[in-house]
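J.: My questions all concern the structure below.
The values are calculated or read from the model by the stated rules, or taken from the named source; none is laboratory data. Only a predicted model underlies this, so the values are computations on that prediction, with no experimental measurement involved. Cβ sites come from the backbone with ideal geometry, for glycine too, and all protein chains shown count toward neighbours.
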Amino acid sequence: MPLTKKVQQIGGSLGIALPKAIMDQHDFHQGTEVEIIDLPEGIFIAPVGRKSSSQNRRQRVAALISETVVTHRKTLEKLAK
């Protein structure tokens, strides 16, 4: 289910606070080192050290995005108007 959050000021930076349930589900805690992948469609964040390499993750994310666009093309076109 999509979650909408607003970017907010956090100290001297901008950030997005994620709900605790999401942080727990993905084993994120204070000090967790994360990898941030900048994709044309958005950003992908994963803890460093997961089994798959960043290239594999990038390919999986790209495949999921492509599948979503193909599956929901008509809806996305309507939303874009």
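J.: Which residues, taken from the range 1-37, are under 26 Å from Thr68 (Cα atoms), free of Cβ contacts under 8 Å to residues at least 12 places away in the same chain and within 15 Å of the chain's Cα centre (by Cα)?
T.: If the condition is that a residue be under 26 Å from Thr68 (Cα atoms), free of Cβ contacts under 8 Å to residues at least 12 places away in the same chain and within 15 Å of the chain's Cα centre (by Cα), then Met1, Pro2, Thr4, Lys6, Val7, Ile16, Met23, Gln25, Ile36 are the ones that fit.
J.: Separate question: Here's a check for you: in the range 22-63, which residue that is surrounded by 12 or more Cβ atoms within 10 Å (Cβ to Cβ) and in a helix (DSSP H, G or I) is modelled with the highest pLDDT?
T.: The residue in question is Met23.
J.: List pairs: first residue in the range 56-81 and within 25 Å of Glu35 (Cα to Cα), second residue surrounded by 10 or more Cβ atoms within 10 Å (Cβ to Cβ) and modelled with pLDDT under 80 anywhere in the structure, Cβ distance under 6 angstrom, at least six positions apart or on different chains.
T.: Cβ pairs passing all conditions: Ile65/Glu41.
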